[in-house]
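First the structure, in the form of structure tokens, and then the observations on it.
The values are calculated or read from the model by the stated rules, or taken from the named source; none is laboratory data. A quick note: this is a predicted structure, and the numbers were derived from the prediction, not measured. No Cβ is skipped: glycine too gets one built from the backbone with ideal geometry, and neighbour counts run over all protein chains shown.
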């Protein structure tokens, strides 16, 4: 099975959208997909923020995504998990830095791991850093 | 279309943004028996290329794509 892993490190809304779309389509196409959410991206997975659609950095195209009510990155990841073998991991350091437990994040995460564990999970496949 | 490539199911994904039509097709095709022929109706042009690419990747059959009035009809047969 082809394997692809995504590292989401940015808080730019459009980057999260693009990566989530690619990850979910890869997942439904039968690829093994792993997503690691770290650094600035972690703040974009806080449940309260997503519910209020209070995104940190939204550009022109991102505003259109919101205006046209296209599915959000969280929905795309959820869909990819439901219809494929995608796994989403939260970076333990990023959670510590923003001082929030996993229970305050949107419920897309399969586990909390460190970099070494994620490198092991991603080993042998392609890795895209977003 | 011959009898065995005539659509028995329609997935109406008109108005959805990419990758919505593909996702709707996948949701539906998973529940249908082998031999089912599905028509996906899409107003999203990207999906018209995406759906056949997905079909090829997962080993199903692309019966054809037809341009209708303001949308496309992408027909797929579930063979496995």
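In region B:36-48, is there at least one residue being under 17 Å from residue B:70 (Cβ atoms), touching a residue at least 12 places away in the same chain (Cβ under 8 Å), under 12 Å from the mean Cα position of the chain (by Cα) and part of a helix (DSSP H, G or I)?
yes
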Residues of region B:17-35 satisfying the condition of being more than 9 Å from chain A (Cβ to nearest Cβ) and not in a helix (DSSP H, G or I): B:32, B:33, B:34, B:35
Among (1) within 19 Å of residue A:83 (Cα to Cα); (2) within 14 Å of chain A (Cβ to nearest Cβ) - the single one residue B:44 does not satisfy: (1)
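Before we move on, is residue B:67 without any contact (Cβ under 8 Å) to a residue 12 or more places away in the chain, away from chain A (no Cβ under 14 Å) and over 17 Å from residue A:26 (Cα atoms)?
Numbers: without any contact (Cβ under 8 Å) to a residue 12 or more places away in the chain: yes; away from chain A (no Cβ under 14 Å): yes; over 17 Å from residue A:26 (Cα atoms): yes.
When the stated conditions are applied, residue B:67 passes them.
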Within region B:49-63, considering residues that are farther than 15 Å from residue B:10 by Cβ and part of a strand (DSSP E or B), the one nearest to the other protein chains (Cβ to nearest Cβ): B:62
Residues within region A:28-52 that are at pLDDT below 95 and either assigned to a helix (DSSP H, G or I) or under 21 Å from residue A:64 (Cβ atoms) (or both), tallied: 1
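Please state which one of A:58, A:108, A:37, A:28 is closer than 29 Å to residue B:31 by Cβ and more than 14 Å from every other protein chain (Cβ to nearest Cβ). Walk me through it before giving the result.
Working: A:58 fails: closer than 29 Å to residue B:31 by Cβ; A:37 fails: closer than 29 Å to residue B:31 by Cβ; A:28 fails: more than 14 Å from every other protein chain (Cβ to nearest Cβ).
Step by step, each of A:58, A:108, A:37, A:28 is checked, and only A:108 is closer than 29 Å to residue B:31 by Cβ and more than 14 Å from every other protein chain (Cβ to nearest Cβ).
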Single residue of B:10, B:76 found to be at pLDDT 95 or above, within 27 Å of residue A:68 (Cβ to Cβ) and surrounded by fewer than 16 Cβ atoms within 10 Å (Cβ to Cβ): B:10
